[in-house]
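A short write-up of the structure that comes next.
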Amino acid sequence: VMAWDEYNELNYFITVIPEQEASYKEGMDALVQYLKRNSASVVANVSEDKLGAGRIMFTVNKQGDIADVQLTESSGYPAIDKVMDKLIRKTSGKWEPGANAEGAKVNQELVFSFGRAGC
């Protein structure tokens, strides 16, 4: 959803969350540690003042695989964007899919933010 005020374009994101959310089998802390550990060599030479807030959207499908990975916001460093995309894709099969109120497995779109935090 996009909106404009007098001065700026504003982006709003609406998320539909299933009854049981998709989850990384080893836990979110383990996912973050995996991403940090495996991106450390690329991130080591980054100037923090030039690093932006990157964002990757992806789907955890009904089988727990990763699908439809899209970089929706660059960190300002193509090498970091590329490694984060690659690492998210490598987690395929390591997710518990989401489920609806009846317990049926459902696809769920997730957003992962990386780089500098903030608006």
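Summed over the range 18-27, the residues that are farther than 15 Å from Lys90 by Cα and open to solvent by 60 Å² or more (accessible area, probe 1.4 Å) give a count of 3.
When each of Asp49, Asp29 is tested for being more than 27 Å from Val16 (Cα to Cα), without any contact (Cβ under 8 Å) to a residue 24 or more places away in the chain and among the charged types (D, E, K, R), the lone residue that passes is Asp49.
The values are calculated or read from the model by the stated rules, or taken from the named source; none is laboratory data. Predicted model, so just to flag it, every value in this text is computed and none were measured. Positions of Cβ are backbone-derived with ideal geometry, glycine not excepted, and every protein chain shown enters the neighbour counts. We work out accessible area using only protein heavy atoms, side chains counted, and drop any ligands, DNA or RNA first. Shrake-Rupley method; radii C 1.70, N 1.55, O 1.52, S 1.80 Å.
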